[in-house]
1. If each residue's Cβ is checked for other Cβ atoms within 10 Å, how do Glu41, Glu218, Glu180 rank with the fewest at the top?
2. Which order do Leu165, Leu112 fall in if you start with the one that has the fewest other Cβ atoms within 10 Å?
3. Once phi is turned into ³J(HN,Hα) by the Karplus curve 6.51 cos²θ - 1.76 cosθ + 1.60 with θ = phi - 60°, what whole-Hz value does each residue of the range 161-170 show in order, with x for glycine and proline?
4. Under 5 Å between amide H atoms, partner at least 5 residues away or on a different chain: which partners does His15 have, H built in plane at 1.01 Å?
5. Kirkwood Rh over alpha-carbon pairs of the chain, then Stokes-Einstein at 4 °C and 1.567 mPa s: what D in µm² s⁻¹, rounded to an integer?
6. Can you sort Trp271, Trp162 so the residue with the fewest Cβ neighbours within 10 Å comes first?
7. With +1 on each Lys and Arg Cβ and -1 on each Asp and Glu Cβ, and nothing else charged, work out how big the dipole of the chain is about its Cα centre, in Debye to the nearest 20.
8. Taking a spot 7 Å from the Cα of Glu176 along the direction of its beta carbon, which residues of the range 217-238 have an amide N less than 19 Å from it?
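Quick note: the coordinates plus some simple rules give every number you see, no bench work behind them. Quantities reported herein were computed from a predicted structural model and do not represent experimental measurements. Virtual Cβ from ideal backbone geometry, glycine too; neighbours counted across all protein chains shown.
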Amino acid sequence: MDKNKLGELFGVVIHSPVTRSEVRSLVKAKQDFVNKKATDEDLTYHQASLDAGDIVESFINSLGEDDGKAFVNYYSDEVVAIGNSTQSIDEVANKSEAEVYHLQAQFIFNELSANLKVYGSNSALTGANPADVNLAIEYIDRSLEIEPNNPTFLNLKGLLIWNGLGDKARAKPLIEKAAELAPRDITIQHNLKSLQDPNGCFIATAAFGTPVAYEVNELRLFRDKWLVYNKVGRLFIKIYYKVSPRIANFIQDKPFLKKVIRVGLKPLIQWVDKFNKTKNY
């Protein structure tokens, strides 16, 4: 087994430490993937590019800080470089620039999410290495100048404002618009539900640092689609909302306890995830 293997995208294996040559091969393979997908599935080039972009974004989310920064930097350079020979200069400059700035913003959001998960805060006072949320917003604003109706960009800006600046009211119209533009995007729809939920999963949110964490979304889905429809489930919810806010407040600034709860919740979340999938929720 290759211990240095980080993953495989579009048939290209990426290792740690990340190298420019591997990222260059990946970007070329991504172009082939986009062209083939557009042809095989009767999609526009832009639609196929969005799907490919989702794959790249998911991979970046799985990387550690050093490999993530290296990958984003190399990828940004290579996307611009390869574009100069494949499309018109203006189109490439705009599309590539939007994607590059989005990835830079996404990486900062990943840093923010990690801080919230471990420290419960993005402040150095809690021991975190603060993510530069304002810089991330500048990046995603540049992407939105180029593609103002891109739901992925709108969603990310909303999350940065909500989780990074704590401004839920300002984030709401951005995520609502993203959800309207992408009604079949499960992640964006879950983010909207998290934003609109008056009764969050308090303990899980405190443990995982954000109400839009995948684990919190799965628990919320289980509550809304199954627990509320049976007597025992409703009783559990009632008791939970009486005791959970105090527990959540107690562990909020205690990284060790949050880690213990995350470990304790793992088997439950794995079961809930399988249950949700079997019910097609």
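1. Glu41, Glu180, Glu218
2. Lowest to highest Cβ neighbour count: Leu165, Leu112.
3. 3J(HN,Hα) across the range 161-170, in whole Hz: 5, 5, 7, x, 9, x, 9, 5, 5, 6.
4. Leu6
5. D = 64 µm²/s.
6. Starting with the residue having the fewest Cβ neighbours, the order is Trp271, Trp162.
7. 2000
8. none
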